[in-house]
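> Once you've had a glance at the structure underneath, I'll fire off some questions.
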Amino acid sequence: MQSTDSSPSSGDCSRYILQVYVGALSLHYEALSVEASKQTTAEEIVSCIVERLGLPGSNYELAEVADESKERRLSPEEKPVSVMLLWPMHSERDFHRFYLRESQNDVPWLDNYGLDPQILRDFIPFLLQPENREYPDLCQLPDLNESTLLENLRQRFDAGHIYTYVGSILIAVNPFKFHPIYNPKYVRLYQNQKVGPILPPHIFAIADNAYYCMLKEKRNQCVVISGESGSGKTESTNFLLHHLTALSQKGSHGSGVEQTILSAGPVLEAFGNAKTAHNNNSSRFGKFIQVNYRENGLVQGAVVQKYLLEKSRIVSQGPYERNYHVFYYLLSGATEQEREALHLLPADKYNYLNAKNLILENCDEKYEFSRLKQSMEMVGFSPEKQRRLFNVLSAVLLLGNVEFFPKKSTYHHDESVQVRNSDVVSIISELLKVKHDTLLAALTSKRVKASGETLIMQYKLPEAIAARDALAKCLYGALFDWIVLQVNHALLNKDPTVPPHTGHSIGVLDIFGFEDFGPQNSFEQLCINYANEHLQYYFNLHVFKYEQNEYKREGIKWRDIEFMDNSGCLQLFESKPTGLLCILDDLCNFPGATNEALLQKYNTVHRENPFYEKPQKKENAFIIKHYAGKVKYQVAEMREKNLDLMRQDIVSVLKNSSLAFVRELVGADPVAVFRWAILRAFFRGYFAFRTAGIKHRQERADQAVNKVTVKTRFRPHNDLLISHLVTVSAVNLTINRIA
């Protein structure tokens, strides 16, 4: 990829060089170079290459190839330069390119669709998976137990087969390398085929089965992905979405949604992924992606929901972990002008960044920052929105540098504190556009109402640090929610000719996997493993309980299969009033409680619970017997992480910011704030228009001879226009009202 004009002022006028491989279409060229801008469409590039090669006809299209195995057809309206700017840097594992090919017709959606003999000949090495040594479906094992199950998975993995069925469930073993089994040929191979013995196990079969069940049964479908951290859940989600969108290639909406998701991916990963002890790019939030389809099977739009963002990572990380990627991207890739405007410091000067893990191996973070900005632009983040967003990120980092020290007082029992470096608070107030004195007061004191009076109580040192950290976590969490809202706005169907969504949808749940970090397990792992316990309970309910009850109702002779029922472990978490989470909430509301008191309460209440254990040696920890094994959790900072301490004083400071972006972040409902902002802008425009009209009429009246004629001529038209605007506003407000 080359740019012929890389100056910041060039903007959209920059020209880029695209290499397009032509393969067998030309005997003289392997690839052609084409100069294009961000606005150049794929149709224009195809037309240019076809003309230069003198190819007959016009039945050609542009395709994007990734990793030598994934390929995607570009719609005629797509912008190849914008797609190219999202590619990661070239390496042995990441390889992207464009190539010209003859247009491939869509395969019709027919119930009797069969396998083409030519397709079978092309896939003989993949289709021939012998059953004499391993079984593609574990239900076929003559003796099904844990030992034979694991041995069968190992044999298939050694033979290069990473997928295995268990009935309608797919087991995927992460090979930590790319397999060439995901290109459009495999999409067509598994199209409209039942999950069964005809074709080898594949994730495309699961996606295809969900898609055609949705069309035939007229019901919404859902695919749940579960596994340990680093098992490849996010990559599996990408393959599912790739196939689900490829099945809807008859219209332009499929590729548009796929391209938007491709653009949104780097944004969500930068703000929601981080390095952990087990994974350099671990998702620290869960997401549910719902792809909406019209009744004819074409993609109409999509929605992203997020769950359990790990906000505590903002203020503290483990020994071998890092904060979220976006902080390091910003510090590495910001220009000198941006560094000055954002008051950025070197990475090792921030207390919120782990100084021992500032560099991530095999990652060019300066390039990732430019890729992030390009992705944000394609999702709909204007340069002004990006600037405000980076202002908040800089403020979050600087909050960690705010230091406190005890006040000098004549009273020996006075433990109040004051800020040591008020200049840092001044920079933060400038970035957030809040008053310096009010922010300073909110960080060191709180207002308490008692007997109808308002008292100002000074923070002690631990309380001030907790309030400061809670402000940083609140700001980042609100910023992430706002980003998800913007992504969903970009994924909405904006075609005015298409009616509102009346079809069905397919949901894909990608949530972080079961985690055990040894001595570093804390509140975050407790929440993550609790969520995975619920997923395991869901599997048990549908795979064992419901199936066996169905057999009994049908009178089938059946011996119940024993399985580990984890409902008792869920009761340990969520029962009231003695569940772990309920006790934790109670002690967070108790003023004098400590983490040691929390552990003591756990040990007292649950000492007889079979899913709860005390460590053999005395330590501030407890053990829970999960479905995946025993996990020891440290109680240190568990109350603090559960309690954000976001007091109303700090919220009021942010809500009084002169920057509308900050006020929007801390609003109770970002959608409501967004709509009220539109309404407020309308009335501001209305009064400005009315004032200008009055002024204009007055000026004309002074110049005219007959004032009555002037008023008769101009006033009715203005009043009529104002009346029409108010009527339209009332209609829109009724339609967009939040219930």
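The values are calculated or read from the model by the stated rules, or taken from the named source; none is laboratory data. Since this is a predicted model, take the numbers as computed values, not measurements. Using ideal geometry, Cβ is built from the backbone for each residue, glycine included, and neighbour counts are taken over all protein chains shown. To get the accessible areas, we keep the full protein, side chains included, count just its heavy atoms, and leave off ligands, DNA and RNA. Shrake-Rupley method; radii C 1.70, N 1.55, O 1.52, S 1.80 Å.
> Of all the residues that make up the range 134-175, how many are under 17 Å from Phe544 (Cα atoms), surrounded by 15 or more Cβ atoms within 10 Å (Cβ to Cβ) and among the hydroxyl-bearing types (Ser, Thr, Tyr)?
1
> Same structure, new question: Only one residue in Tyr538, Tyr546 is open to solvent by 70 Å² or more (accessible area, probe 1.4 Å) and without any contact (Cβ under 8 Å) to a residue 12 or more places away in the chain, so which one is that? Quick ask: steps written out before the conclusion?
On the way: Tyr538 fails: without any contact (Cβ under 8 Å) to a residue 12 or more places away in the chain.
Result of the check over Tyr538, Tyr546: Tyr546.
> Residue check: is Arg639 more than 26 Å from Phe514 (Cβ to Cβ), among the charged types (D, E, K, R) and under 29 Å from the mean Cα position of the chain (by Cα)?
no
> Right, something else. Could you figure out which of (1) part of a helix (DSSP H, G or I); (2) over 32 Å from the mean Cα position of the chain (by Cα) isn't true of Lys449?
Status for Lys449: all satisfied but (1).
> Just to be sure, is Gln698 modelled with pLDDT under 80, over 30 Å from the mean Cα position of the chain (by Cα) and open to solvent by 80 Å² or more (accessible area, probe 1.4 Å)? Walk me through it before giving the result.
Values: modelled with pLDDT under 80: yes; over 30 Å from the mean Cα position of the chain (by Cα): yes; open to solvent by 80 Å² or more (accessible area, probe 1.4 Å): yes.
Considered against the rule, which asks whether it is modelled with pLDDT under 80, over 30 Å from the mean Cα position of the chain (by Cα) and open to solvent by 80 Å² or more (accessible area, probe 1.4 Å), Gln698 comes out as yes.
> Then there's this: Regarding the range 674-695, can at least one residue be identified that is modelled with pLDDT of 65 or more, in contact with a Lys or Arg (Cβ under 7 Å, 6 or more places away or on another chain) and open to solvent by less than 60 Å² (accessible area, probe 1.4 Å)?
no
> Among the residues of the range 641-652, write down those that are within 22 Å of Leu439 (Cα to Cα) and either at pLDDT 85 or above or open to solvent by 30 Å² or more (accessible area, probe 1.4 Å) (or both).
Matches in the range 641-652: Leu643, Asp644, Leu645, Met646, Arg647, Gln648, Asp649, Ser652.
> Hey, another quick one. Name the pairs: first residue in the range 513-530 and at positive phi and in a helix (DSSP H, G or I), second residue at pLDDT below 90 and surrounded by fewer than 18 Cβ atoms within 10 Å (Cβ to Cβ), Cβ to Cβ under 9 Å, at least 6 apart or on different chains?
Hits for this filter: Gly518/Ala277.
> Check the range 238-245 and report whether any residue there is open to solvent by less than 20 Å² (accessible area, probe 1.4 Å), farther than 29 Å from Val65 by Cα and at pLDDT 80 or above.
No, because not a single residue in the range 238-245 is open to solvent by less than 20 Å² (accessible area, probe 1.4 Å), farther than 29 Å from Val65 by Cα and at pLDDT 80 or above.
> For Arg339, are the conditions met, namely being closer than 19 Å to Val484 by Cα and out of contact with any strand residue (DSSP E or B) (no Cβ under 9 Å at 6 or more places or on another chain)?
no
> Check the range 626-637 and report whether any residue there is open to solvent by less than 20 Å² (accessible area, probe 1.4 Å), among the aliphatic types (A, V, I, L, M) and part of a loop (DSSP other than H, G, I, E, B).
Yes, the range 626-637 has at least one match.
> Among Gly400, Gly333, Gly380, which is the only one that is open to solvent by less than 70 Å² (accessible area, probe 1.4 Å), in contact with a Phe, Trp or Tyr (Cβ under 6 Å, 6 or more places away or on another chain) and within 25 Å of Gln486 (Cβ to Cβ)?
That would be Gly333, the only listed residue that is open to solvent by less than 70 Å² (accessible area, probe 1.4 Å), in contact with a Phe, Trp or Tyr (Cβ under 6 Å, 6 or more places away or on another chain) and within 25 Å of Gln486 (Cβ to Cβ).
> Still on this model: Based on what the data block shows, is Leu570 open to solvent by less than 20 Å² (accessible area, probe 1.4 Å) and either within 21 Å of Phe517 (Cβ to Cβ) or of a type in the set (Phe, Trp, Tyr) (or both)?
So Leu570 does not fit the description; no.
> How many residues does the range 573-584 contain that are open to solvent by 10 Å² or more (accessible area, probe 1.4 Å) and either of a type outside the set (Gly, Ala, Ser) or touching a strand residue (DSSP E or B) at 6+ places or on another chain (Cβ under 6 Å) (or both)?
Pass one, the range 573-584, residues open to solvent by 10 Å² or more (accessible area, probe 1.4 Å): 574-578, 581-582.
With either of a type outside the set (Gly, Ala, Ser) or touching a strand residue (DSSP E or B) at 6+ places or on another chain (Cβ under 6 Å) (or both) added as a condition, the list becomes 574, 576-578, 581-582.
Residues meeting the conditions: 6.
> Can you tell me which of (1) open to solvent by 20 Å² or more (accessible area, probe 1.4 Å); (2) of a type in the set (S, T, N, Q); (3) over 30 Å from Gln648 (Cα atoms) is the one Ser375 doesn't meet?
(1)
> A follow-up question, please. For the range 576-598, which residues satisfy the criterion of being in a helix (DSSP H, G or I) and charged (D, E, K, R)?
Asp585, Asp586, Glu596, listed by residue number.
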